[in-house]
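For reference, the structure discussed in these notes is given below.
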Amino acid sequence: MRLYELFIIAVSLSMDAFAVSICKGLSTGQPRLRHCLACGGWFGGFKALMPFLGWLLGVRFQGMIVSVDHWIAFFLLGLIGFNMVLEARGGEAEELDSSFRPGAMLPLAVATSIDALAVGVTFAFLQVDNIFLAVAFIGATTFVLSAAGVKVGAAFGVRFKSKAELAGGLILMGMGVKILVEHTLLA
């Protein structure tokens, strides 16, 4: 996997955490540096952990399904992307409290990182060269975007939330199609 592809995946995966961070910034009103760091830490940490766990699962079963791995990657990325598009198009406002305590942040971090678990499974099938670099890159990208999202939310409100989720979903679906085309038509 090329660096630019990893970057596109990292940004796409970060969009749901970015959207939630915007809402957290909106609910906080005047966020401080610690609020930005808390969102970045929780979301970035889980966005790094979950693809690693998915990769571990994928590596374990890779030998059994190597002949259909590109179809699985296509399906998982397409499903995740489609779900993000549906959420963006739903237009429903998320109600978040302004708490940054672990009890409030843990469920949000887990919920926004489930998609990264599935992407980690596809990393095993795609035989990503350095999984530690890949998950660190995803975590760092999510950290930066989530920390910035808190400030964006305080400044601009929810105007960008659905656009960010829509873009992330479309990009993930596009990456799924690219993987399928590379492994079926170009193989």
Practice prompt. For the chain, find the longest principal axis of its Cα atoms and tell me its angle to the long axis of helix 33-61, 0 to 90°, nearest 10.
Written response: 20
Worksheet entry | Percentage relative contact order, the chain, counting C-alpha pairs under 8 Å, at least six apart | 52
Discussion item. If I compute Cα Rg over 2.2 N^0.38 Å from the structure I just sent, which labelled value in (1) 1.21; (2) 1.02; (3) 1.42 lines up?
Written reply: (2)
Worksheet entry | Between the stretch 10-42 and the stretch 120-149, the Cα center-to-center distance that results, in Å | 18
Worksheet item: How large is the charge dipole for the chain, taken about the Cα centre, if only the Cβ atoms of Lys, Arg (+1) and Asp, Glu (-1) carry charge, to the nearest 20 debye?
Response: 500
Item to complete: Before rounding to the nearest 500, sum -39500 (n - 2.57) across all DSSP H runs of length at least 4 in the chain and divide by the residue total; then give [θ] at 222 nm in deg cm²/dmol.
Response: -27500 deg cm²/dmol
Item to complete: Calculate how steeply helix 114-125 sits against the longest principal axis of the alpha-carbon atoms of the chain, using the helix alpha-carbon long axis, and give the answer as 0 to 90 degrees to the nearest 10.
Response: 20
Worksheet item: Roughly what angle does helix 131-156 make with the longest principal axis of the chain, taking Cα atoms, 0 to 90 degrees, to the nearest 10?
Response: 30
Response to the item:
Probe 1.4 Å, heavy atoms of protein chains only: per residue, the accessible area of the stretch 1-145 in Å² is 50
Practice prompt. For the stretch 4-20, just list the computed ³J(HN,Hα) in residue order, Karplus coefficients 6.51, -1.76 and 1.60, θ = phi - 60°, integers in Hz, with x standing in for Gly and Pro.
Written response: 5, 5, 4, 4, 4, 5, 4, 5, 4, 5, 6, 5, 5, 5, 4, 5, 5
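The values are calculated or read from the model by the stated rules, or taken from the named source; none is laboratory data. Keep in mind it's a predicted model, so treat the numbers as computed, not measured. Reconstructed Cβ throughout: ideal geometry from the backbone, glycine too, with neighbour counts over all protein chains shown. Quick note on the areas: whole protein, heavy atoms, side chains included, nothing else; ligands and nucleic acids left out. Shrake-Rupley method; radii C 1.70, N 1.55, O 1.52, S 1.80 Å.
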